[in-house]
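Q: Before I ask anything, let me first share the structure, which is written out below as structure tokens.
The values are calculated or read from the model by the stated rules, or taken from the named source; none is laboratory data. Worth saying up front: this structure is predicted, and the values here are computed from it rather than measured. We place every Cβ from the backbone using ideal geometry, glycine too, and count neighbours over all the protein chains shown. When the accessible area is computed, the model is the full protein with side chains, heavy atoms only, and any ligands, DNA or RNA have been set aside. Shrake-Rupley method; radii C 1.70, N 1.55, O 1.52, S 1.80 Å.
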Amino acid sequence: MSKVLIKMVDFQYYCYRCGGLNKLDLPAPDAPDYHHAELTCGSCGDGTRVLISSCPNPDCTHYVFWITDISIPDVVVGFAKYMVHNMQSMIDKAALQGATIGIDTPDTYPINASCPCGTEFSVDIVIPDLD
Ligand SMILES: [Zn+2]
Ligand SMILES: [Zn+2]
């Protein structure tokens, strides 16, 4: 059994509402894994979200992150549900006309990133089984 080490990074961001600097330690698993967390500004209490992932190049210590008000995984899952729902009604209509359509729903939605070290990678947002 190999030990799984998850990198912790010294994460800093400026609150977009009050401009306050926030510092915290966050786990940053190697891409395509990611850590998703809710953040609360230490100055004004404003809440935001971060999605963070480390560059998978073992010689590199960079990490990438996205700060948004919305939850990226929630959006991806919401979008996937919407797509599946629409696909399903298309499939039902096709079935009425005697056609058959098969769809594969993906397990992950990749977000592409490139690191200053030159590594191109993707962070794969996990889509739960929608059946
Ligand atoms: Zn703030
Ligand atoms: Zn890198």
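Q: Anything in the range 59-75 that is more than 14 Å from PRO116 (Cα to Cα), open to solvent by 80 Å² or more (accessible area, probe 1.4 Å) and away from ligand 1 (no atom under 16 Å from the Cβ)? List them, or say none. First the steps, then the outcome.
A: To start, the set of residues in the range 59-75 that are more than 14 Å from PRO116 (Cα to Cα) comprises 66-75.
Right, trim to open to solvent by 80 Å² or more (accessible area, probe 1.4 Å) and you get 69-70, 74.
Within the range 59-75, ILE70, ASP74 meet the criteria.
Q: Moving on to the next point. So if I check each of GLY42, GLY19, GLY78, which one is at pLDDT 95 or above and either under 17 Å from the mean Cα position of the chain (by Cα) or open to solvent by 50 Å² or more (accessible area, probe 1.4 Å) (or both)?
A: Working: GLY19 fails: either under 17 Å from the mean Cα position of the chain (by Cα) or open to solvent by 50 Å² or more (accessible area, probe 1.4 Å) (or both); GLY78 fails: at pLDDT 95 or above.
After ruling out the rest, the residue left standing is GLY42.
Q: Now a separate question. Inside the range 115-131, can you point out the residues that are away from ligand 2 (no atom under 16 Å from the Cβ) and either touching a strand residue (DSSP E or B) at 6+ places or on another chain (Cβ under 8 Å) or open to solvent by 50 Å² or more (accessible area, probe 1.4 Å) (or both)? Steps first, please.
A: Initially, the range 115-131 is screened for residues away from ligand 2 (no atom under 16 Å from the Cβ), giving 124-131.
Across the range 115-131, the qualifying residues are ASP124, ILE125, VAL126, ILE127, PRO128, ASP129, ASP131.
Q: Do you know which residues across the range 3-16 are open to solvent by 70 Å² or more (accessible area, probe 1.4 Å), touching a strand residue (DSSP E or B) at 6+ places or on another chain (Cβ under 7 Å) and either farther than 22 Å from ASP107 by Cβ or within 16 Å of ligand 2 (Cβ to nearest atom) (or both)?
A: LYS7, MET8, ASP10, GLN12, TYR14
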